[in-house]
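The values are calculated or read from the model by the stated rules, or taken from the named source; none is laboratory data. Not measured: the values here are computed from a predicted model. A quick note on method: Cβ atoms are made from the backbone with ideal geometry, for glycine too, and the neighbour counts reach across all protein chains shown.
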């Protein structure tokens, strides 16, 4: 003979079981790793990881550096960069080059302060010069900031394109530059990738993960 247990008793027993069950442990997320400090000397090989731009750069952001022999190069408040060289030679330009600039002026036919310039204005100043060969500007964005980019070739050595109190960045005939401008504060943030002319498109694709990782 099967003895029926009253429903009220089942409810009480179920409640008791639930009351005695251990509480689920809270899920703790791992703390975010602090970005690595950018080297303070030129020529240091960069381990793969996320780096902080400041110091040395005046504009603080973080960005990812992939494995592959990238090295620190210029270490200025208004300009810093990383490069990859071919072999041990350091007297020539790197074969791959990623740079960030906080220009005080853009070099058109004369130096024009960047305050109030749009990215398109800056591209036009460069494209109008007789001592540069420039492509048509195309849209470019960096961490959601919309601007433009263009490719530049300089037939002569030390051809300045932008600069500030610590000096001008000058192009060399051995490398071409794909230069992007985006608005930042009241001026511009400049980003460029440089490589030998026939490798510029490939260099841009290699640099794309670094640029897309920028968190301003």
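Every test in (1) without any contact (Cβ under 8 Å) to a residue 24 or more places away in the chain; (2) crowded, with 19+ Cβ neighbours inside 10 Å is passed by residue 135 save one, and that test is (2). Highlighted here are the strands (runs of 3 or more DSSP E) found entirely within the stretch 1-95 that include at least 1 residues which are in contact with a helix residue (DSSP H, G or I) (Cβ under 7 Å, 6 or more places away or on another chain) and either modelled with pLDDT under 65 or closer than 30 Å to residue 189 by Cα (or both): 62-65. Checked against the criterion of being closer than 19 Å to residue 169 by Cα, in contact (Cβ under 8 Å) with a residue 40 or more places away in the chain and over 14 Å from the mean Cα position of the chain (by Cα), the stretch 66-77 contains one or more residues that satisfy it. Checked against the criteria, residue 128 counts as surrounded by fewer than 16 Cβ atoms within 10 Å (Cβ to Cβ) and either closer than 26 Å to residue 50 by Cα or touching a residue at least 12 places away in the same chain (Cβ under 8 Å) (or both).
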